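Okay, so here's the structure we're looking at.
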Amino acid sequence: MGPEQGRVICCTAMKIEALKQTIAKNKWNAVILGIRADEEGTRAKERYFSLRDKHGEWDFRDQPPELWDQYKTTFPAGSHVRVHPLLDWTELNIWEYLELEKISLPSLYFDRGNGTRYRSLGCVPCTGSVNPCASTVQQIITELRTTTSAERGGRAQDEGRGMETLRKLGHM
């Protein structure tokens, strides 16, 4: 697999099928994920408790409303659910929390003297760096308060309707 196969084919094999196999092998009824609604348009359609069909697929066009903190939490036996506790957090909220708790992070998030860093980490073929040269969590927080660029702007899988297709097939 690699980018020469096309991002949907590559991501389906490397991410979606791997996740489905892991869920099946471990017989998990649910997995907890750290996605946020502000990351990408299709993720904004997610729900806190998100039912997947027997193939792990998700119908983003048919989602129940979640009004007034009323969440659907009961599902048929044998169902698989994705749980998204950070759905209403923003990228800035995440970085502020990381700063508050003094959580150590991979160096790829920070400029290492070459004028680039990563805002969103994924697989090598799909992930591009960004130019803002923040080298500390506080510098990233300052940058996020004024930036207009999308967090996942450097991710090839998000181009066009790529992520929508991948999410429908079962991508996180």
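Do you know which residues across the range 26-69 are of a type in the set (Val, Ile, Thr) and either touching a helix residue (DSSP H, G or I) at 6+ places or on another chain (Cβ under 8 Å) or assigned to a loop (DSSP other than H, G, I, E, B) (or both)?
Answer for the range 26-69, where residues must be of a type in the set (Val, Ile, Thr) and either touching a helix residue (DSSP H, G or I) at 6+ places or on another chain (Cβ under 8 Å) or assigned to a loop (DSSP other than H, G, I, E, B) (or both): Val31, Ile35, Thr42.
In the list Val124, Val137, which residue meets the criterion of being aliphatic (A, V, I, L, M) and touching a Leu at 6+ places or on another chain (Cβ under 9 Å)?
Selected residue: Val137, the only one of Val124, Val137 that is aliphatic (A, V, I, L, M) and touching a Leu at 6+ places or on another chain (Cβ under 9 Å).
For Thr142, are the conditions met, namely being among the hydroxyl-bearing types (Ser, Thr, Tyr), at pLDDT 75 or above and part of a loop (DSSP other than H, G, I, E, B)?
No; evaluated as a whole, the condition is false for this residue.
Please identify the pairs in which a residue from the range 58-75 that is under 13 Å from Tyr48 (Cβ atoms) has its Cβ atom under 7 Å from the Cβ atom of a residue that is among the aromatic types (Phe, Trp, Tyr), counting only partners at least 6 apart or on another chain.
That search, which allows pairs on different chains as well, returns Glu66/Tyr48; Tyr71/Tyr48; Tyr71/Phe49; Lys72/Phe49; Thr73/Phe49.
Name every residue in the range 119-136 that is at pLDDT 85 or above and surrounded by fewer than 18 Cβ atoms within 10 Å (Cβ to Cβ), in order of residue number.
Matches in the range 119-136: Ser135, Thr136.
So is Gly113 more than 30 Å from Lys27 (Cα to Cα), exposed (fewer than 14 other Cβ atoms within 10 Å of the Cβ) and without any contact (Cβ under 8 Å) to a residue 60 or more places away in the chain or not?
Against the criterion (more than 30 Å from Lys27 (Cα to Cα), exposed (fewer than 14 other Cβ atoms within 10 Å of the Cβ) and without any contact (Cβ under 8 Å) to a residue 60 or more places away in the chain), Gly113 qualifies.
Taking the stated definitions as given, is Leu105 of a type outside the set (Phe, Trp, Tyr), touching a helix residue (DSSP H, G or I) at 6+ places or on another chain (Cβ under 7 Å), within 30 Å of Gln139 (Cα to Cα) and at pLDDT 80 or above?
Judged against the criteria, Leu105 is a match.
What are the pairs, 6+ residues apart or on separate chains, where a residue within the range 83-95 that is farther than 17 Å from Tyr48 by Cα has its Cβ under 6 Å from a residue that is at pLDDT 90 or above and of a type in the set (Phe, Trp, Tyr)?
none
Filter the range 41-86 down to residues that are at pLDDT 80 or above and hydrophobic (A, V, I, L, M, F, W, C) and give me whichever is nearest to the chain's Cα centre (by Cα).
Of everything passing the filter in the range 41-86, Leu86 is nearest to the chain's Cα centre (by Cα).
Over 20 Å from Gly122 (Cβ atoms) and either β-branched (Val, Ile, Thr) or in the same structural domain as Ala134 (by TED's automatic domain parsing) (or both) - does that describe any residue in the range 50-63?
The answer is no, given that none of the residues of the range 50-63 is over 20 Å from Gly122 (Cβ atoms) and either β-branched (Val, Ile, Thr) or in the same structural domain as Ala134 (by TED's automatic domain parsing) (or both).
Among the candidates Leu67, Leu92, single out the residue that is loosely packed, with under 10 Cβ neighbours inside 10 Å and within 22 Å of Gly41 (Cα to Cα).
Sole residue among the options that is loosely packed, with under 10 Cβ neighbours inside 10 Å and within 22 Å of Gly41 (Cα to Cα): Leu67.
The values are calculated or read from the model by the stated rules, or taken from the named source; none is laboratory data. This one's a predicted model, so the numbers in the text were calculated from it and none came from an experiment. We place every Cβ from the backbone using ideal geometry, glycine too, and count neighbours over all the protein chains shown.
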